[in-house]
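Working notes for the structure below.
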Amino acid sequence: MGAALRRAAGHGARFEARFAAYFAAAADPAGGGAGVLPGRGAFPGRALELVRELSLRGGKRLRVALLHEAAGLVTAEPPPGADTAAVCVELLHTHGLIHDDLIDDAPVRRGGPSTYYAYRAEFPDRPDTARALTVLAGDLAAFLALRVLLTGDLPPQRAAAMAAVAAEAGAAAVNGQLIDLERDFAPEAGTGFLHEVTEFKSTRYSVLAPLRLGLLAAGTDPAPYDAELRGYATAVGTANQLHDDLLDLFGDPAVLEKPLGTDLRSGRRSYLVRALAAATDGTERALLEGALGNPDTDDHTLDRLRRIARAHGVERELRASAAQFAREAGARAATWRGRWRPEAVAFFEHLPAWSVTRDH
């Protein structure tokens, strides 16, 4: 697992300079950014600046690593299109973060103000303007993600195939947001519903799209392998989401760079909330329902819920479930041995185990 993490960190470190260079060009009317910004008005430039700030502020860059390692399944040399595709998937991620923070009324993201709260600070007396600008900044990130593929130096047929992957992933993520909101209107939504939310809201653009884009960047059509790529992506994505839900209550806020209880306060009926609701009744269940969707839920209440979750085995149950999905993903990747390059296959075998032990 250590080798996989070092490889992922290396991909992320190399990408940071590439991403910064992309934004520098996008903001320069005389350079590669010609056509991105209009000649007049301060709002477009500010939107691009906030997209840049959030994009460069941090993150695990897991999508970047997945994309490069997917290309590495078939070639030892990083293909020219991999960096361009990595910029695309990270811009799609920024789009999702901006809209997610608006939906959740989240003040903090990656150790700094969310885009929504940045605009709220700039327009304290015009909340409708702050909301509208946040939506548009998120939209800008999504369209830039497609633009970077279609206006670069990729062969036209490959650029079109990559753009189709990105567009499909973006549409899936929006549909995921929609059923995520619908889920919170259905208190008794089953595990199958939660799995589908995870599949659409995060798995398809965070795992499956990078896999497809990496293979395309290396000149390989992913279509013949789509069923096994989907199986791997779904197992990894579900493991990741289960672990993320646990971190909302059991993580370290200093490491996460955001407060604990964000999901609870926003009323999100996550895997953790569903399991906790199923395990409790009476005063314990009333405490959970009182905290759910209440922005004023305090740390003392979170601590009580944490103790309840541990007492009923909820934390242990979800950790075991996340580990099971991670093992499934690793086993699926193991079937790629002999077909694809062993170094990259080993990365995909070992990555899922890390995804359920990370602290952020």
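The values are calculated or read from the model by the stated rules, or taken from the named source; none is laboratory data. Computed from a predicted structure; not experimentally measured. FYI the Cβ positions are ideal-geometry reconstructions off the backbone, even for glycines, and counts take in every protein chain you see. These accessible areas exclude ligands, DNA and RNA; they are computed on the full protein's heavy atoms, side chains included. Shrake-Rupley method; radii C 1.70, N 1.55, O 1.52, S 1.80 Å.
Rg and Dmax in Å for the stretch 194-255, alpha carbons only: what are they?
14.0, 43
Which whole-Hz ³J(HN,Hα) couplings does the stretch 217-222 yield from phi under the Karplus relation 6.51 cos²θ - 1.76 cosθ + 1.60, θ = phi - 60°, glycine and proline marked x?
Using θ = phi - 60°, the values come out as 4, 7, x, 10, 6, x Hz.
List, in order, the whole-Hz ³J(HN,Hα) value for each residue of the stretch 81-95 obtained from phi through the Karplus relation with A = 6.51, B = -1.76, C = 1.60 and θ = phi - 60°; use x for Gly and Pro.
Values per residue, Gly and Pro as x: x, 5, 5, 4, 5, 5, 4, 4, 5, 6, 5, 4, 5, 4, 3 Hz.
Show me the ranking of peptides 68-76, 245-253, 207-215 by mean Cβ neighbours inside 10 Å, starting with the highest.
Going by the mean number of other Cβ atoms within 10 Å, highest first, we get 207-215, 68-76, 245-253.
Suppose each label sits 7 Å from its Cα in the direction of the beta carbon; what would the Leu5-Ala286 distance come out to in nanometres?
Here the modelled spin labels are 4.5 nm apart.
So what J values fall out for the stretch 319-329 if you push phi through Karplus, 6.51 cos²θ - 1.76 cosθ + 1.60 with θ = phi - 60°, rounded to Hz, Gly and Pro as x?
5, 5, 5, 4, 5, 5, 5, 5, 5, 4, 4
Under a point-charge model restricted to the Cβ atoms of Lys and Arg (+1) and Asp and Glu (-1), what is the dipole moment magnitude of the chain relative to its Cα centre, in debye to the nearest 20? Display every interim value, and only then the final one.
Details: 41 positive and 46 negative charges, 173 e Å.
Dipole of the chain, to the nearest 20 debye: 820 debye.
When a/c reaches 1.5 or more, the comparison of a/b and b/c decides; with that in mind, is the stretch 128-205 rounded, prolate or oblate per its Cα gyration tensor?
oblate
Give the carbon-plus-sulfur fraction of the accessible surface of the chain in %, rounded to a whole number; probe 1.4 Å, heavy atoms of protein chains only. Display every interim value, and only then the final one.
Details: 8790 of 15820 Å².
Result for the chain: 56 percent of the exposed heavy-atom area is carbon or sulfur.
Near Leu215, within a Cβ-to-Cβ distance under 14 Å, what is the net charge of the other residues, with Lys and Arg +1 and Asp and Glu -1?
Working: positive: Arg158, Arg212, Arg230, Arg339, Arg341; negative: Glu69, Asp221, Asp226, Glu228.
Result for the local shell: +1.
Given the stretch 68-173, what whole percent of its Cα pairs are spread farther than 23 Å?
Numbers: 2155 of 5565 pairs.
When every Cα pair of the stretch 68-173 is considered, 39 percent fall beyond 23 Å.
How much FRET efficiency would the formula 1/(1 + (r/R0)^6) give for Ala223 and Ala334, where r is the Cβ-Cβ distance and R0 is 22 Å, rounded to 0.05? Spell out each step's value before the answer.
On the way: r = 22 Å, r/R0 = 1.01.
Between Ala223 and Ala334 the formula returns 0.50.
Does the stretch 203-350 come out rounded, prolate or oblate, given a ≥ b ≥ c as the square roots of the eigenvalues of its C-alpha gyration tensor, rounded meaning a/c under 1.5 and, failing that, prolate meaning a/b above b/c? It would help to have the intermediate numbers written out before the result.
On the way: a/c = 2.98, a/b = 2.44, b/c = 1.22.
Since a/c reaches 1.5 and a/b is larger than b/c, the shape of the stretch 203-350 is classed as prolate.
Would you pull out the residues with amide H under 5 Å of Asn294's amide H, same chain only if 5 or more places away, H placed 1.01 Å from N?
Correct list: Gly267.
Measuring with a 1.4 Å probe in the full set of protein chains, what accessible area per residue, in whole Å², belongs to the stretch 1-141?
Numbers: 6110 Å² over 141 residues.
Accessible surface, normalised per residue, equals 43 Å².
Taking square-rooted eigenvalues a ≥ b ≥ c of the alpha carbon gyration tensor, is the chain rounded, prolate or oblate, where a/c under 1.5 means rounded and, failing that, a/b exceeding b/c means prolate?
Details: a/c = 2.04, a/b = 1.18, b/c = 1.73.
The shape class here is oblate.
Binning every alpha carbon pair distance of the stretch 101-242 at 10 Å from zero, what are the percents per bin?
Here the calculated profile for the stretch 101-242 is 11, 31, 33, 21, 5, 0.
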